[in-house]
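The values are calculated or read from the model by the stated rules, or taken from the named source; none is laboratory data. Predicted model only: the values in this text are computed from it and were never measured. Cβ: placed from backbone, ideal geometry, glycine included. Neighbour counts: every protein chain shown.
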Amino acid sequence: MSDIYPVPPDFAARAHVDAAAYDRLYRQSLDDNDGFWREQAAALDWIRPFTQVSDTKFDPADLRIRWFADGTLNASVNCVDRHLPAKADKPAILWQGDGEGESESRSVTWGELADKVNRLANVLKGLGVAKGDVVTIYLPVIPEVMVAMMACVRLGAVHSVVFSGFSAEALANRIEDAGAKVLITADEGHRGGRVVPLKHNADAAVAAQPSIRHVVVVRRSGASVPFTPGRDLWYDEAVAAAEPWCPPVEVGAEDPLFILYTSGSTGKPKGLVHTTGGYLVHAGTSWRVIFDWHEGEVFWCTADVGWVTAHTYKIYGPLLNGATSVMFEGVPTWPDSSRWWSIIERYRVNIFYTAPTALRSLMREGEAPVQRHDLSSLRVLGSVGEPINPEAWRWYHSVIGGGRCPIVDTYWQTETGAVLLVPIPGAVANKPGMAAKPYFGIRPVVVDAAGTRLDGVAEGNMCFEGSWPGQARTILHDHERFVLTYFAPYPGLFFTGDGGRRDEDGYFRITGRVDDVINVSGHRLGTVELESAISSHPAVAESAVVGFPHDLKGQGVFAYVTLKENIDESEALRREIVDWVRARIGAIASLDVVQWAPSLPKNRAGKILRRILAKVAANDFENFGDTSTVADPAIVGDIVLRRKQTLERESS
Ligand code: WT7
């Protein structure tokens, strides 16, 4: 069976980039990297043009990442103003709410978007927000989230969007770290027929974080929610009363655009800082090429605005290009599992971008929910967030794409800002499950554990050589951690934390995280972060968390928990710990398996041996490798025995 899906010739014929163009441009982009990005940067409107393209060095002792540094610009002008007046009456956003009633859908034109952005910027200015200040945004997927992000950057303020599924505690931690003065939230969000108590969570977070002086509240549901006069203001009233023009603030290319928190292998979530010029160049130009968007086409990225996927390819990419995009507040399985397909039909979506985990769960529902809808508008399909398994890939290709749509499997990270590996759809033939080839200007390198570069067919740690404009510049308040995590492991290279394999055709397959990060449904969870949440439960003495293969989520969370003396193992306590962690972090932090462990296997220095724990979690009871370092081998025997007993119980 051939595992290569060639580029359809009619697709290539009208694509922005075909195979010949890819080869030529890729070579040029390496030979004259600055020249390539200088040309790409012409896609933006600069206030003061830059004179130097890059000033970069991946040296852990003297890390430098600067792009277009002496240029100045304003992001909201590039994303909104310049599409006017031409597109004033054309839709920027086609919004579909969680429900299906009439009030649950609305379209926002570029003219309306500009009006709201200017007014909200004036509101924020009135609240004292100025260039460089951080505004935290805790909103569902509603048009106001786009307005809020754009209003911030109009003032040169920095947005920090927090996923609306995160708990009050997680929100409070992110507000504190960023030192935000203003929070923008909504009364309630709606997801899958359920209410998300955003204002309630926001109040709890702000009570713990007095740096917040004002809370702007969008009326989404109209529910009556607590309101603190003097501190809180209603979005609709404030915007209606504000001046309709706000002069854009000129910022430097290297001034921060946004902060986005993500989990790492150690410590608490880190706030990655992205800057303005380089990020916008990489986001805007790559979006157009990798999705092969043409004027008039409708784009839909299903990601929540709280993740980098949405920042780059749902908000900035489409806005910079003046594209119409669909925004959907709800979930794919409510009211039934044909919801997404009905939205594609209704809005005539041409380009659809989603995550493998969702595809796997929809695949389980069979083809009937898909067949009820006309998906003939689709032209390009995208995948992101985790390696897509070939089975899901084939289903996506044949059942959703009708066999005619190329699939762009985009590999990148919060840290990289925009895409690094991708089969550009008119240029690179698909191989299921492979993120394929480097984007322009990107140099992938596979190294072994010792840092030796591996050529040809090889598997190892995925690194990249040389900078690219979209990459994060630092971790807020912790530049040292930034250097140590990404640049110290293999000097001269950026290390992703992923494993990768290059095949005989030079195609790359990402094999998953090689650090202590778990990728659950395309979302990153740090094992240490989960362990701290578990261990803060009063009954818990110690815990260790590892990922394990999970049919739907890609990876699931497996927790080994040691209880304090004299505390009994019980089903009730197990549930309590699961709820406890969800309340600390959010519903995405669901422990799939909790196994009681009277003790955890450690080496003589007291370090938990996760390698062994991960094997047991994956039901691999042999091949523990070298166990001579285990201080007490009987502990391993006990852990294996308990796991086997659970499996027996489950299968009987
Ligand atoms: C991690 C980054 C990229 C935005 C969404 C997630 C994994 C992401 C792919 C892909 C294989 C992928 C990696 C990466 N990942 N896309 N196409 N194929 N793995 O952003 O939360 O920063 O997570 O997601 O493990 O390191 P993120």
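Data table
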read-out	value
Test: residue in the stretch 242-263 that is assigned to a helix (DSSP H, G or I) and either under 25 Å from Asn122 (Cβ atoms) or in contact (Cβ under 8 Å) with a residue 24 or more places away in the chain (or both)	no
Residues that are under 18 Å from Gly556 (Cβ atoms) and surrounded by fewer than 17 Cβ atoms within 10 Å (Cβ to Cβ), drawn from the stretch 622-648	Arg642, Thr646, Leu647
Residue satisfying all of: in the stretch 360-382; in a helix (DSSP H, G or I) and either crowded, with 22+ Cβ neighbours inside 10 Å or of a type in the set (S, T, N, Q) (or both); farthest from the ligand (Cβ to nearest atom) among these	Gln371
Enumeration of residues in the stretch 394-412 that are in a loop (DSSP other than H, G, I, E, B) and either within 15 Å of the ligand (Cβ to nearest atom) or at pLDDT below 95 (or both)	Pro406, Trp412
Some residue of the stretch 347-356 being assigned to a loop (DSSP other than H, G, I, E, B), within 16 Å of the ligand (Cβ to nearest atom), touching a residue at least 60 places away in the same chain (Cβ under 8 Å) and under 24 Å from Val281 (Cα atoms)	no
The lone exception for Lys125 - which of (1) basic (Lys, Arg); (2) within 30 Å of Arg524 (Cα to Cα); (3) out of contact with any Pro (no Cβ under 8 Å at 6 or more places or on another chain) it fails	(2)
In the stretch 413-435, residue farthest from the ligand (Cβ to nearest atom) [restricted to those that are touching a helix residue (DSSP H, G or I) at 6+ places or on another chain (Cβ under 8 Å) and hydrophobic (A, V, I, L, M, F, W, C)]	Ala427
Boolean, Pro538 is surrounded by fewer than 21 Cβ atoms within 10 Å (Cβ to Cβ), at pLDDT 95 or above, farther than 17 Å from Phe464 by Cβ and more than 10 Å from the ligand (Cβ to nearest atom)	yes
Matching entry among Gly547, Gly586, Gly606, Gly556 (being at pLDDT below 95 and under 30 Å from Val162 (Cβ atoms))	Gly586
Residue within the stretch 207-230 that is part of a loop (DSSP other than H, G, I, E, B), aromatic (Phe, Trp, Tyr), without any contact (Cβ under 8 Å) to a residue 12 or more places away in the chain and out of contact with any Ser or Thr (no Cβ under 9 Å at 6 or more places or on another chain) present	yes
Test for Glu391: is it farther than 26 Å from Arg14 by Cα, surrounded by fewer than 19 Cβ atoms within 10 Å (Cβ to Cβ) and either at pLDDT 95 or above or more than 10 Å from the ligand (Cβ to nearest atom) (or both)	yes
From the options Gly385, Gly330, residue that is under 18 Å from the mean Cα position of the chain (by Cα), among the small types (Gly, Ala, Ser) and within 16 Å of the ligand (Cβ to nearest atom)	Gly385
Breaking point among (1) assigned to a helix (DSSP H, G or I); (2) within 16 Å of the ligand (Cβ to nearest atom); (3) farther than 19 Å from Val162 by Cβ, for Lys314	(3)
Selected residue (only one of Glu565, Glu571 is at pLDDT 95 or above and more than 30 Å from Arg174 (Cα to Cα))	Glu571
Of all residues making up the stretch 311-327, the number that are surrounded by fewer than 22 Cβ atoms within 10 Å (Cβ to Cβ) and either within 18 Å of the chain's Cα centre (by Cα) or farther than 26 Å from Trp412 by Cα (or both)	0
Test set (1) within 16 Å of the ligand (Cβ to nearest atom); (2) over 27 Å from Ala589 (Cα atoms); (3) surrounded by 21 or more Cβ atoms within 10 Å (Cβ to Cβ) - Pro489 fails condition number	(3)
Test: residue in the stretch 198-214 that is within 16 Å of the ligand (Cβ to nearest atom) and either surrounded by 16 or more Cβ atoms within 10 Å (Cβ to Cβ) or on the phi > 0 side of the Ramachandran plot (or both)	no
Residues located in the stretch 565-596, provided they are charged (D, E, K, R), closer than 22 Å to Arg643 by Cβ and part of a loop (DSSP other than H, G, I, E, B)	Asp568, Glu569, Asp592
Some residue of the stretch 512-519 being away from the ligand (no atom under 12 Å from the Cβ) and part of a strand (DSSP E or B)	no
Breaking point among (1) of a type in the set (Ser, Thr, Tyr); (2) within 25 Å of the chain's Cα centre (by Cα); (3) in a loop (DSSP other than H, G, I, E, B), for Tyr279	(3)
Long-range neighbours under 9 Å by Cβ, at least six apart or interchain, first residue over 16 Å from Glu415 (Cα atoms) within the stretch 456-475, second hydroxyl-bearing (Ser, Thr, Tyr) and assigned to a strand (DSSP E or B)	Glu459/Thr511; Asn461/Thr496
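Matching residues to (1) among the small types (Gly, Ala, Ser); (2) at pLDDT 95 or above; (3) farther than 24 Å from Ser286 by Cβ; (4) away from the ligand (no atom under 12 Å from the Cβ):
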| position | (1), (2), (3), (4) |
| --- | --- |
| Lys437 | no, yes, no, yes |
| Val446 | no, yes, no, yes |
| Ala450 | yes, yes, yes, yes |
| Glu459 | no, yes, yes, yes |
| Leu484 | no, yes, yes, yes |
| Thr496 | no, yes, no, no |
| Arg502 | no, yes, no, yes |
